[in-house]
Amino acid sequence: MNGLASLWGVGHFRHAPGTWGSLAALIPGAGLLALGGPLLVAAAALALAWLGFRSVASLPPEARGNDAGWIVVDEAAGQWLALAGLAAVSLAGLAAAFLLFRAFDILKPWPVSWADRRKDALGIMLDDLVAGALAGAIILGLRHLVPEGLP
């Protein structure tokens, strides 16, 4: 399970492990979107969130640290939630989901900041899930406002 916490080593990349974790999630996330659509991506995100929570909770407290940078399964689950706002795979849609998710994850506006204040396994997972849900909601809203824009 600890391999999952770092996405099998992606979290150990030297610079910006959260960004790398989000990027690593795009390929399988886009595949799920292409195969089964937004509901499959959302279901997979929730399944990954549950497995990620269990993986992070199984770590010793000192390994989790203060949301240790090498733990990136939370970024992957949050990125998949952002992708669930898309109707189909497109370069513009993937870029929008990635950029919105990273912005919410880095800037931590409320309610992301509220979830980030929890210093336990749930908090480690929850702030990225909230960031992903906000990004996905914005993408979904844009799809309805500008139907010919984002797929």
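Data overview
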item: Pairs with Cβ under 8 Å, 6+ apart, first in the range 45-63 and under 11 Å from Gly3 (Cα atoms) and touching a residue at least 40 places away in the same chain (Cβ under 8 Å), second acidic (Asp, Glu) and assigned to a helix (DSSP H, G or I); result: Gly52/Asp74; Val56/Asp74
item: Failed condition for Phe101, given (1) within 20 Å of Leu140 (Cα to Cα); (2) of a type in the set (Phe, Trp, Tyr); (3) modelled with pLDDT under 95; result: (3)
item: Single residue of Ala87, Ala44, Ala5 found to be at pLDDT 95 or above and not polar (S, T, N, Q); result: Ala44
item: Count - residues of the range 130-148 that are at pLDDT 95 or above and either surrounded by fewer than 23 Cβ atoms within 10 Å (Cβ to Cβ) or among the polar types (S, T, N, Q) (or both); result: 4
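For every residue, the table says whether it meets (1) among the small types (Gly, Ala, Ser); (2) under 14 Å from Gly136 (Cβ atoms).
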{"site": "Ser6", "(1), (2)": "yes, no"}
{"site": "Val10", "(1), (2)": "no, no"}
{"site": "Ala24", "(1), (2)": "yes, no"}
{"site": "Leu32", "(1), (2)": "no, yes"}
{"site": "Leu35", "(1), (2)": "no, no"}
{"site": "Ala44", "(1), (2)": "yes, yes"}
{"site": "Ala47", "(1), (2)": "yes, no"}
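The values are calculated or read from the model by the stated rules, or taken from the named source; none is laboratory data. Quick caveat: nothing in here was measured; it's all calculated off a predicted structure. Heads up, the Cβs are rebuilt from the backbone with ideal geometry, glycines too, and the neighbour counts pull from every protein chain shown.
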